[in-house]
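This report concerns only the one structure given below.
The values are calculated or read from the model by the stated rules, or taken from the named source; none is laboratory data. Because the structure is predicted, anything quoted here is derived from the model rather than measured. Cβ sites come from the backbone with ideal geometry, for glycine too, and all protein chains shown count toward neighbours. Areas reflect the complete protein model, heavy atoms only, side chains present, ligands, DNA and RNA absent. Shrake-Rupley method; radii C 1.70, N 1.55, O 1.52, S 1.80 Å.
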Amino acid sequence: MLSSLVGCGGGSEAASLTKKQFVQRAKAICVAAETEQFNQGAAYMEAHPGIEEEDAVVPAALPPIEKELEKLKKLPAPDESQSQLALFYEALEKALADTKKDPGSALVQKDNPFDEANNLAEQAGLEGCSSNP
């Protein structure tokens, strides 16, 4: 679904950010994605009356998360966080791919494909990025 995993510091900014700067920017990206996801979901459901929530997951809920991931990967991560963030990015890519195969799985708490990515985001100090989808 998404391009293969790239290093965390591959952005256009020359120097890596401090952990605090990275977390602040990541939080802003994730909050914006969450807002976009909510707005797109509501608009999609309104434009398709009677549609099941599961049918709105792929076209409305996943694109903001995909965009979030690409923006996060472009942030120049602190050296000490790169391996942890790579695991988070990889888990998020897997969750997106798994959800495309089974959209309903993202709507349940048990065995939600985003559980691992959300846990890794929390461990990396990215609580704002740990509530997907």
Review point. Is it the case that the range 117-129 has a residue that's in a helix (DSSP H, G or I) and over 18 Å from Lys27 (Cα atoms)?
Key: no
Point to revise | Candidates Glu46, Glu66, filtered to the one that is within 21 Å of Gly104 (Cα to Cα), touching a residue at least 40 places away in the same chain (Cβ under 8 Å) and not hydroxyl-bearing (Ser, Thr, Tyr) | key: Glu66
Check your understanding: Listed residues Ala56, Ala95, Ala117; which is without any contact (Cβ under 8 Å) to a residue 40 or more places away in the chain and in contact with a Leu (Cβ under 6 Å, 6 or more places away or on another chain)?
Key -> Ala117
Review point. Only one of Phe22, Phe38 is part of a helix (DSSP H, G or I), farther than 19 Å from Pro103 by Cβ, among the aromatic types (Phe, Trp, Tyr) and out of contact with any Phe, Trp or Tyr (no Cβ under 6 Å at 6 or more places or on another chain); which?
Key: Phe22
Practice item. Looking at (1) more than 9 Å from the chain's Cα centre (by Cα); (2) open to solvent by less than 20 Å² (accessible area, probe 1.4 Å), find the lone condition where Leu96 falls short. Key: (1)
**Study point:** Neighbours by Cβ (under 7 Å, 6+ apart or cross-chain): first from the range 12-28, at pLDDT 90 or above; second hydroxyl-bearing (Ser, Thr, Tyr) and open to solvent by less than 100 Å² (accessible area, probe 1.4 Å)
**Key:** Lys19/Ser81; Phe22/Ser81
Practice item. Return the residue satisfying two criteria in turn: it lies in the range 99-111 and is buried (at least 17 other Cβ atoms within 10 Å of the Cβ) and in contact (Cβ under 8 Å) with a residue 12 or more places away in the chain, and of such residues it is farthest from Glu54 (Cα to Cα). Key: Thr99
Revision key, fill the gap. The lone condition Gly50 fails out of (1) in a helix (DSSP H, G or I); (2) of a type in the set (Gly, Ala, Ser); (3) open to solvent by 40 Å² or more (accessible area, probe 1.4 Å) is (1)
Point to revise | Identity of the residue in the range 115-133, over 9 Å from the mean Cα position of the chain (by Cα) and not acidic (Asp, Glu), that ends up most open to solvent (accessible area, probe 1.4 Å) | key: Gln123
Exercise for review: Check whether at least one residue in the range 70-90 is touching an Asp or Glu at 6+ places or on another chain (Cβ under 8 Å) and either open to solvent by 80 Å² or more (accessible area, probe 1.4 Å) or part of a helix (DSSP H, G or I) (or both), and report yes or no.
Suggested key: no
